Each structure stands twice: as C-alpha cells, then as structure tokens.
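The values are calculated or read from the model by the stated rules, or taken from the named source; none is laboratory data. Predicted model only: the values in this text are computed from it and were never measured. Neighbour counts are summed over all protein chains in view; Cβ atoms, including those assigned to glycine, are modelled from backbone coordinates with ideal geometry.
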Amino acid sequence: MGLNRIFYVIVFITLLFSISITTYFRNIIWNDELTLWEDVVKKSPEKARGHSDLGLAYYKGQLNDAIKRITILAMPMPVKVGLMRL
C-alpha cells in the first residue's frame with residue numbers, strides 16, 4: 001500500500017470514529033422527550049417552540065415544571081430584527 005492510501009484509511013477511520021461518538025451522544029439526548037426538549041431550550045432559549053414542547057413534556061408528569069414553561073411562553077420573547085426579513 002502506498003503512503004497516500006494509508007493516509008486516506010487513517011482519515012476515514014478517524015471520521016468514522018468521530019461520527020460514531022457524536023451519534024452515540026445525540027442518542028442519549030433523544031432517549032426521551034424531556035432530555036430532547038431540555039436540550040433544545042438550553043441551546044435556543046429565545047425560541048417559543050422549545051419552551052412549549054418542554055412544557056407539554058413536563059405536563060405528562062411534572063405539573064409544576066410545566067406551569068413554569070407555559071409562564072415563560074406568556075412573556076415577550078426578544079426579537080432579532082436583523083435576522084428577520086420584512
């Protein structure tokens with residue numbers, strides 16, 4: 001095998017390993033509804049959909065937390081005018 005081919009095999013194995021690890025950790029988050037929507041809210045706290053769906057997920061078992069999320073939806077969300085198209 002040439003040196004070029006060995007390089008490509010190493011790059012391929014490294015990419016495959018990286019993608020596998022990423023998939024494993026994403027599957028932990030997607031394991032149940034609560035962890036999924038908690039991750040969404042953590043990464044995008046300004047978006048209403050995450051709070052809404054997290055509130056619905058909490059509603060199935062944790063009513064006090066559901067009320068907190070629904071209350072957040074009643075508050076005005078910050079508007080990023082620079083990103084909106086008029």
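Things to note:
- Among residues of the range 1-29, those that are hydroxyl-bearing (Ser, Thr, Tyr) and either more than 24 Å from ASP39 (Cα to Cα) or touching a His at 6+ places or on another chain (Cβ under 8 Å) (or both), counted: 2
- Of ALA74, ALA48, ALA66, all but one fail to be farther than 19 Å from ARG26 by Cβ, modelled with pLDDT under 75 and either of a type in the set (Gly, Ala, Ser) or in contact with a Gly (Cβ under 8 Å, 6 or more places away or on another chain) (or both); the exception is ALA74.
- Annotation note: Cβ proximity below 7 Å between a residue of the range 35-55 that is under 17 Å from ILE70 (Cβ atoms) and a residue that is hydroxyl-bearing (Ser, Thr, Tyr) (sequence gap 6+ or interchain) occurs for GLY50/SER44.
- Evaluation of TYR59 against (1) modelled with pLDDT of 75 or more; (2) exposed (fewer than 12 other Cβ atoms within 10 Å of the Cβ); (3) more than 24 Å from ASN27 (Cβ to Cβ) (one fails), failing number: (2)
- Matching residues in the range 1-57 - criterion: being more than 15 Å from LEU73 (Cα to Cα) and among the aromatic types (Phe, Trp, Tyr): PHE7, TYR8, PHE12, PHE17, TYR24, PHE25, TRP30
Here is a yes/no grid of residues against (1) under 30 Å from GLY61 (Cβ atoms); (2) assigned by TED's automatic domain parsing to the domain that holds ASP65:
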{"residue": "LEU3", "(1), (2)": "no, no"}
{"residue": "TYR8", "(1), (2)": "no, no"}
{"residue": "PHE12", "(1), (2)": "no, no"}
{"residue": "SER18", "(1), (2)": "no, no"}
{"residue": "THR23", "(1), (2)": "yes, no"}
{"residue": "LEU36", "(1), (2)": "yes, yes"}
{"residue": "VAL40", "(1), (2)": "yes, yes"}
{"residue": "LYS43", "(1), (2)": "yes, yes"}
